[in-house]
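The structure appears right after this line, and notes come after that.
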Amino acid sequence: MMTDAVRILGFAGSLRKQSYNRSALRVAGKLVPAGITLETFDLAGIPSFNQDHEREPPPAVRQFKDKVKTADAILIVTPEYNYSVPGVLKNAIDWASRLYGESAWDGKPVGIMGASVGMTGTVRAQYHRRQMFVFLNMFPLNQPEVMIANAHEKFDEDGNLKDEKTAAKIRELLQALGDWAKRLKKGKTWAGG
């Protein structure tokens, strides 16, 4: 049940400590608008998916799935590996979708953002995430899109964001995701509804 504050669970699809995506998630935590909270989860402790263990998943998986279930909305911050979604992110998605019929993702509003040193700023990985949302019955926020291109120019060596336009886009995404979660909760998913 949604309280007054929209509770967003955010996680990054990178395990690298100095990842631009982990930095972007940390920055998002500092830019959260009033009426929204952002809790983050580190995917580092989640083992590789093994269907032999889906009925009794490891503790880190149970914790992650519980946090997904209780969140009002999800924020995924994804790098792009080989034109697609990183394995660590796909692995976490798979764990929380199992057992069949017990998916934690069902009906969740979700926002995506990503950072890359390349020119496209994770556009292909974000598109692939959206394809996965269809089967998972998640409701992606279509706009604003936050694709942080040339990330090495927008973050300093300590992972602090130094580009105000990017900060404004992240704030806008968080506000829109909070509004989207409230709207879906009320059952108003159509324009003007």
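Amide H to amide H under 5 Å from THR40: which residues, 5+ apart in sequence or cross-chain, H placed 1.01 Å off N in plane?
HN-HN under 5 Å from THR40: GLY10.
Can you compute log10 of I(q)/I(0) for region 57-147 with the Debye formula, treating each Cα as one identical point scatterer, at q = 0.12, 0.17 Å⁻¹?
Result of the Debye calculation: -0.36, -0.71.
With a 1.4 Å probe and all protein chains left in place, how much of the accessible area of region 76-193 comes from carbon and sulfur atoms, in whole percent?
Working: 3060 of 6000 Å².
Carbon with sulfur: 51 percent of the solvent-accessible area.
Roughly what % of DSSP beta bridges within region 1-111 run antiparallel, to the nearest 5?
Counting only bridges with both partners in region 1-111, antiparallel ones make up about 10 percent.
Pairs LYS69/LYS90; LYS17/LYS90; LYS69/LYS169: which exceed 22 Å Cα-Cα?
Correct reply: LYS69/LYS169.
Counting heavy atoms of the protein chains only and a 1.4 Å probe, report the per residue accessible area for region 40-114 as a whole number of Å².
On a per-residue basis, 47 Å².
Over region 1-104, how many percent of alpha carbon pairs lie in each 5 Å bin up to the one with the longest distance?
Calculated over all Cα pairs of region 1-104, the distribution is 2, 12, 22, 22, 19, 14, 6, 2, 0 percent.
Okay, helix-only estimate at 222 nm for the chain: each DSSP H run of n ≥ 4 adds -39500 (n - 2.57), divide by all residues, round to 500 deg cm²/dmol; what do you get?
One gets -12000 deg cm²/dmol as the mean residue ellipticity at 222 nm.
So if I place +1 on the C-beta of Lys and Arg and -1 on the C-beta of Asp and Glu, and nothing else carries charge, what would the dipole magnitude of the chain be about its Cα centre? I want it in debye, nearest 20. Walk me through the intermediate numbers first.
Numbers: 27 positive and 21 negative charges, 79 e Å.
With Lys and Arg at +1 and Asp and Glu at -1, about 380 debye.
Based solely on C-alpha atoms, express the radius of gyration and the Dmax of region 146-189 in angstrom.
Cα-based Rg and Dmax for region 146-189 come out at 14.3, 44 Å.
Given an 8 Å cut-off on Cα distances and at least 6 residues of separation, report the relative contact order of the chain as a percent.
For the chain, the relative contact order is 24 percent.
To check you understand DSSP bridge types, tell me what percent of the beta bridges within the chain (both residues inside) are antiparallel, rounded to 5.
Working: 2 of 21 bridges.
Beta bridges within the chain, antiparallel portion: roughly 10 percent.
When the Kirkwood radius is taken over all Cα pairs of the chain, what Stokes-Einstein diffusion coefficient follows at 25 °C and 0.890 mPa s, in µm²/s?
Result for D is 146 µm²/s.
Just add up the charged neighbours of GLN126: K/R +1, D/E -1, any other residue whose Cβ is under 14 Å from the Cβ of GLN126.
Values: positive: LYS90, ARG124, ARG129, ARG130, LYS169; negative: GLU80, GLU145.
Cβ neighbours under 14 Å give a net charge of +3.
For region 20-64, how big is the tail of P(r) above 12 Å, as a whole percent of Cα pairs?
More than 12 Å apart: 69 percent of the Cα pairs in region 20-64.
Going by accessible area, probe 1.4 Å, with all protein chains left in place, what is the ranking of TYR100, TYR81, TYR20, largest first?
Output order, biggest surface exposure first: TYR100, TYR81, TYR20.
The values are calculated or read from the model by the stated rules, or taken from the named source; none is laboratory data. None of the values given here were measured: they were computed from a predicted structure. No Cβ is skipped: glycine too gets one built from the backbone with ideal geometry, and neighbour counts run over all protein chains shown. Accessible surface areas use protein heavy atoms only, side chains included; no ligands, DNA or RNA. Shrake-Rupley method; radii C 1.70, N 1.55, O 1.52, S 1.80 Å.
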